[in-house]
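Could you have a look at this structure, given as structure tokens, before my questions?
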Amino acid sequence: MHTPRHVRSVAELSDEELALVAEAWSLRAGVARKEGFPYVHALVNEGREAGASRAHSHSQLVWLREPPPEVHAETDGECRVCAHLADELVDGSRALGDRDGVVALARWAGRVPYELLLAPVEHPGGSGFDSPLLPAALGLVAKSLRHLHAAESGPVPLNVWLHDGPHWHLEVMPRLSILAGLELGAGIYVNMLDPNDAAERLRAAL
């Protein structure tokens with residue numbers, strides 16, 4: 001549980017509560033490493049449609065023997081996150097804000113409406129669980145979700161996860177569309193909301 005208070009979303013957590021969430025993630029990741037699980041997949045599910053098992057806001061941390069395929073793909077050769085951030089920050093049209101060296105973006109070619117990427121601007125070169133930027137990143141997630149809730153006139157089912165590769169980052173996937181046979185079977189995603197429009201709506205919210 002993220003807090004003793006009954007809250008349904010990360011968006012409702014204070015910066016102090018989010019700092020404690022970051023600390024808990026870090027401590028649990030340290031235990032996982034000591035027990036032979038070098039990779040931890042930290043995730044948050046909000047809403048029944050996104051797989052939440054209970055209404056009270058909470059995290060799940062899955063201990064893995066090796067990084068999952070999605071993270072392997074990001075670490076093949078040059079840093080794809082750095083290259084993506086360099087392009088996005090020059091363009092600027094999909095930037096949603098920053099906090100203490102972490103930036104939030106409406107993801108270019110997102111799989112679903114309002115998909116977000118939150119990452120340190122500078123290549124961190126270490127685990128997100130050990131990073132002093134993790135509380136700021138979670139705070140930026142909460143702020144982005146507050147804007148999303150305002151843009152969509154209420155809470156939205158969604159998933160958040162930490163990819164703990166060489167350039168760790170957080171991804172937010174709202175579940176406003178249904179993944180059907182094309183998306184699940186072919187990995188081809190149909191997103192009816194242009195990421196530039198998504199960014200504009202989120203910036204205008206609140």
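What follows is calculated from the coordinates using simple rules that are stated; it is not laboratory data. Quick caveat, the model's predicted, so the values are computed rather than measured. All Cβ positions, even for glycine, are placed from backbone atoms using ideal geometry, and neighbour counts span all protein chains on display.
Identify the GluC sites (Glu not before Pro) of the range 1-57 meeting these criteria: DSSP loop state and at most 15 other C-beta atoms within 10 Å of the C-beta.
GLU35
Suppose each label sits 7 Å from its Cα in the direction of the beta carbon; what would the SER93-LEU179 distance come out to in nanometres?
About 2.8 nm separates the two model spin labels.
Assuming R0 = 30 Å, what is the FRET efficiency of LEU20 and ASP197, from their Cβ-Cβ distance, to the nearest 0.05?
Details: r = 35 Å, r/R0 = 1.18.
After rounding to 0.05, the efficiency reads 0.25.
If you don't mind, there's one more thing I want to ask. For the range 113-206, which GluC sites (Glu not before Pro) are in a loop by DSSP, counting at most 14 other Cβ atoms within 10 Å?
Counting only loop positions with at most 14 other Cβ atoms within 10 Å, the GluC sites (Glu not before Pro) in the range 113-206 are GLU122.
How far, in nm, would the chain grow between ARG48 and GLU122 when pulled straight, counting 0.36 nm per residue and subtracting the alpha carbon separation?
Computed gain between ARG48 and GLU122 is 23.1 nm.
Divide by every residue of the chain the summed helix terms, -39500 (n - 2.57) for each DSSP H run of at least 4, and state the resulting mean residue ellipticity at 222 nm, rounded to the nearest 500 deg cm²/dmol.
Value at 222 nm, helices only, nearest 500: -10000 deg cm²/dmol.
With springs only between Cα atoms under 10 Å, which of GLY139, GLY92, GLY110 fluctuates most in a Gaussian network model of the chain?
Looking only at GLY139, GLY92, GLY110, the largest GNM fluctuation is found for GLY92.
Is the shape of the chain best called rounded, prolate or oblate, per the rule: a/c under 1.5 gives rounded, else a/b larger than b/c gives prolate, else oblate, with a ≥ b ≥ c the square roots of the Cα gyration tensor eigenvalues?
rounded
State the extension gain, in nm to one decimal, for the chain segment bounded by CYS82 and ARG5, taking 0.36 nm per residue of separation less the distance between their alpha-carbons.
Contour length minus the Cα-Cα distance gives 24.0 nm.
Rounded, prolate or oblate: which fits the range 26-94 when a ≥ b ≥ c are the square roots of the eigenvalues of the alpha-carbon gyration tensor, with rounded for a/c under 1.5 and prolate only if a/b beats b/c?
Oblate, because a/c is 1.5 or more while a/b does not exceed b/c.
How large is the charge dipole for the range 10-204, taken about the Cα centre, if only the Cβ atoms of Lys, Arg (+1) and Asp, Glu (-1) carry charge, to the nearest 20 debye?
With Lys and Arg at +1 and Asp and Glu at -1, about 480 debye.
Oh, and also: Positive end of the charge dipole of the chain (Lys, Arg +1 and Asp, Glu -1 on Cβ, about the Cα centre): tell me which of ASN45, LEU138, PRO120 has its Cα farthest that way.
Going by the Cα projections, it comes out as ASN45.
Shape verdict for the range 109-199, please, from the Cα gyration tensor: rounded (a/c under 1.5), prolate (a/b greater than b/c) or oblate. Write out the running numbers ahead of the final one.
Working: a/c = 2.29, a/b = 1.43, b/c = 1.60.
Cα axes put the range 109-199 in the oblate bin.
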